[in-house]
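Novice: Have a look at this one before I ask anything.
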Amino acid sequence: LDSQIYLPPSPLLRGAGTMRIFINNVDGFVGKALCSDLRGALAQENRLLGTVTGDDTDGKTEMVQQMGVKRVVSRVDQEQYLKDVLSCSLIVFDLHSADIQDVESVIKHLKVAPLDHETTFVLISSVNVWARTRKQYVPLDGEDGEAGGDEDDGEAKEGKTRPQELTDADLDRRIPSPAFESWKYLETLVLSLSSKEKLRPHVIAAGILYGNGETVFNEYFQAAWLTQPTQVVMHPGTNYIPCVHVRDVARLVKVVHVRDPSTEMGKYLIAVDKARLTQAEIVQGIVNQISRKAEIPLISSDDARSEFKDVMMLDLIMEPSAPMKASSFPWWCRDGLVANLVKVAAEFCKWRNLRPIKMVMMGPPGSGAERLCSMVADRYLHADPPHFTFDQIVQDAMAAGTVAARKLTRKVNKLSKKPGAKLPLKMRTKLVHKRLMSNVCRFRGYILEGYPTTYEEAKALFTEKVLEEGEEEEAPEEEEDEVADAGAEEGEEGEEEEEAPAPAEEEDEDEEVDGKPTFQLNKAVVPEFVVALHSKAEVCKTRIFSRLATGPSNEEEFALKTAEYYKANFTQDGTPGTADFFSEVVGAQVLQIDADASNETDAFQSLRVYLESRGQFFNYLKSEEDRCRDLCLEVEHREREEDEHAQAAKAAQEAKESELRKATADYEADRRKNIADSEATHLENEVLPLRQYLMVNVVPTLSEGLAEICKEQPEDPIEYLAQYLFAHAQDIAGSLTEL
């Protein structure tokens, strides 16, 4: 198949009449690309018919009409549906969005239905049908060593190896992953139609699709656009993923159909671009193009949570089929995703309705610009918003830890000792321009607060020199060292010029000796929205020293900066101010806000109306309903937390009181026990002397008296004992005397 020569379409097909083309699910990812490329095939307006996903046309009528679809075919009436399909000369079914049973029924009907005209049937499948194909591994280009064995060999991929190329000649070897078994069955079913008269069946095994808003790679593009560090590479990361732009698949379909009928073409075609990219190269390339450059972490595939994990773990290198190898093939992205990321990223933003919000807000010190900028950034620019001031840009540049940063630090420290001194205009411009040209600002936009402050600063930052014929463009300055060196070239003389701001002198920096060069707007950085705040100096000073706004730390500095601002923007001699540059040169509508006459809420509402005057931003922003829902949930969550906190505090208080009561009861019981023990001990101690007294003085005489009673046994023992005791009373008295 690879040896077949691709020939251009037959001249007989040109102008032969409008073609009827059926496209399954015209509103799908592939369907939209097919409509775009097939609508004007052969330089004529063709009649497109098709179905939509879910058979629900509500809300899709306008979109379908814009794609050039003349009629939407319903699947409800199967007989009419199949009749409409067979009435077309080109029938395209894309398995990425199709219902398997629907496709199977159409193919089986084609097999038995009589055809009264030449018909091309194209089934768009996927390289996932080849996912489990047994592969050989060979050394990487330029690497020495023996070719690796089969993938089952435990050492097949040790060292620097890659899978050997697979071509459409290996058709019978293909083994799908379990999820794509039905796709392989449909491929085989389509290829079985080859013997049918007036029918040319083709299967296109498309690589992993990219472009036009993305599907598989959408999560990577979205995270990069939002500057979210959620991208990961699944181990090993060196696996090869065959890809193709969705428009190149659509163009291959067109080539398949409009070719010269006498030219043979393979029934099974592989549609992949000519790049051989690994998973890590694709993910890293997307991040480097759209987001902040950072090393992507490598994780185990078991820990990955991607919807397309199986796709990202493919390890295939596939050769495009003969039509795509032909020099006449109209490639859209021949060299692959990474080589065309500028184009693909622009498509992603266009199809996803992602518009960078580029805004400049200016105003005198203390006008409250920082608060309004923060509110805009919070609503429109997501987390970690690109909201900058000139001082912040300088501080970030000084903190870079490079030679340029150290040079810049020395220069800033030197100028800080001179009131009113500034960095040279050229250096200020390059510092800000470098930040505005960062990936984040190019794709999400920026909010530049308080800069530029003069017409000359605005002109230097947002215009670029128009090169004359034969004049070479200055090399882009990649390193910050060059920025610092550029500032150093200004020398001490340049610093002196900036000590007392003089617009005319600053403008001379960009002038040539023999005349002024021609400048044009730098569309890459020029803002779309410009806001000018107005506020009286006394009100501004009150805001600053009441901590309602940021600004100079003392009255002398406040007076100096306020005078500079009014001198540059409210001159009496007609010199244009900063706002004049944006309105006259940029052509932007400058929103004027009186910060003294309107409160913060009203000012922000005016800003919202101004920003959305050209259409609402999608930008992954939450709708008003979502915001209200989130606010309600936040309030409920806060109230729930407060209730839980109150209940926990109440329970803790009750537990504390219970513990205190228990401790008090235990203390009281211990106290009573101690008192009882003390009283018992006291009584026992008091009983001891009395007992001794009785034992010495009473018990002996009493015992003798009782003994005498026992001996005599008188008639009245009590009387006898009383007389006995009375008779021996002297003995008791003598004993007491002795004691």
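Novice: Would it be correct to say that Val85 is crowded, with 20+ Cβ neighbours inside 10 Å, touching a residue at least 24 places away in the same chain (Cβ under 8 Å), in a helix (DSSP H, G or I) and under 38 Å from the mean Cα position of the chain (by Cα)?
Specialist: no
Conditions tested, residue by residue: (1) at pLDDT 95 or above; (2) in contact with a His (Cβ under 6 Å, 6 or more places away or on another chain); (3) not aliphatic (A, V, I, L, M).
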{"position": "Ala369", "(1), (2), (3)": "no, no, no"}
{"position": "Ala377", "(1), (2), (3)": "no, yes, no"}
{"position": "Asp384", "(1), (2), (3)": "no, no, yes"}
{"position": "Thr402", "(1), (2), (3)": "no, no, yes"}
{"position": "Lys411", "(1), (2), (3)": "no, no, yes"}
{"position": "Ser416", "(1), (2), (3)": "no, no, yes"}
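Novice: Hey, another quick one. Could you look through the range 295-316, keep only residues that are under 27 Å from Ala346 (Cα atoms) and open to solvent by less than 50 Å² (accessible area, probe 1.4 Å), and pick out the one that is modelled with the lowest pLDDT?
Specialist: Ser306
Novice: Scan the range 560-596 for residues that are open to solvent by less than 30 Å² (accessible area, probe 1.4 Å) and small (Gly, Ala, Ser) and jot them down.
Specialist: Once the filter is applied, which keeps residues that are open to solvent by less than 30 Å² (accessible area, probe 1.4 Å) and small (Gly, Ala, Ser), the range 560-596 yields Ala568, Gly577, Ala579, Ala588, Ala595.
Novice: Further question: Would you pick out the residues in the range 254-284 that are of a type in the set (Val, Ile, Thr) and at pLDDT 95 or above?
Specialist: Of everything in the range 254-284, those that are of a type in the set (Val, Ile, Thr) and at pLDDT 95 or above turn out to be Ile270, Val272, Thr278, Ile282, Val283.
Novice: Follow-up question, since we're still on this one. Would you mention how many residues in the range 512-531 are modelled with pLDDT under 95 and not in a loop (DSSP other than H, G, I, E, B)?
Specialist: Selection size over the range 512-531: 5.
Novice: Could you go through the range 541-562 and let me know if any residue there is among the polar types (S, T, N, Q) and either under 30 Å from Arg614 (Cα atoms) or assigned to a strand (DSSP E or B) (or both).
Specialist: Scanning the range 541-562 turns up no residue that is among the polar types (S, T, N, Q) and either under 30 Å from Arg614 (Cα atoms) or assigned to a strand (DSSP E or B) (or both).
Novice: Next question. Out of the residues in the range 539-559 that are charged (D, E, K, R) and at pLDDT below 90, state the one that is surrounded by the most Cβ atoms within 10 Å (Cβ to Cβ).
Specialist: Filtering first and then ranking leaves Glu557.
Novice: Show the residue pairs meeting these rules: Cβ distance below 6 Å; 6+ apart or different chains; first residue within the range 23-50 and over 23 Å from Lys350 (Cα atoms) and in contact (Cβ under 8 Å) with a residue 40 or more places away in the chain; second residue crowded, with 20+ Cβ neighbours inside 10 Å and among the polar types (S, T, N, Q).
Specialist: Final answer for the pair search is Asn24/Thr51.
Novice: Given Pro689, Pro700, which one is loosely packed, with under 10 Cβ neighbours inside 10 Å and in a helix (DSSP H, G or I)?
Specialist: Of Pro689, Pro700, the one residue that is loosely packed, with under 10 Cβ neighbours inside 10 Å and in a helix (DSSP H, G or I) is Pro689.
Novice: Loosely packed, with under 10 Cβ neighbours inside 10 Å and under 46 Å from the mean Cα position of the chain (by Cα), is that true of Glu639?
Specialist: In short, no.
Novice: For Arg371, state whether it is assigned to a helix (DSSP H, G or I) and open to solvent by 60 Å² or more (accessible area, probe 1.4 Å).
Specialist: Criteria met by Arg371.
Novice: Please state which of the following conditions Arg334 fails to meet, knowing it meets all the rest: (1) open to solvent by 50 Å² or more (accessible area, probe 1.4 Å); (2) touching a Ser or Thr at 6+ places or on another chain (Cβ under 8 Å); (3) part of a loop (DSSP other than H, G, I, E, B).
Specialist: Status for Arg334: all satisfied but (2).
Novice: To continue, here is another question. For the subset of the range 606-621 comprising residues that are surrounded by 12 or more Cβ atoms within 10 Å (Cβ to Cβ) and more than 24 Å from Ala224 (Cβ to Cβ), which member is nearest to the chain's Cα centre (by Cα)?
Specialist: Arg608
Novice: A further question follows. Within the range 202-227, how many residues turn out to be of a type outside the set (Gly, Ala, Ser) and within 17 Å of Ser126 (Cβ to Cβ)?
Specialist: Of the residues in that region, 12 qualify.
Novice: Determine, yes or no, whether Phe581 is closer than 18 Å to Cys373 by Cβ and touching a helix residue (DSSP H, G or I) at 6+ places or on another chain (Cβ under 8 Å).
Specialist: When the stated conditions are applied, Phe581 does not pass them.
The values are calculated or read from the model by the stated rules, or taken from the named source; none is laboratory data. Source: prediction; values computed, not measured. FYI the Cβ positions are ideal-geometry reconstructions off the backbone, even for glycines, and counts take in every protein chain you see. SASA here: full protein model, heavy atoms, side chains in, ligands and nucleic acids out. Shrake-Rupley method; radii C 1.70, N 1.55, O 1.52, S 1.80 Å.
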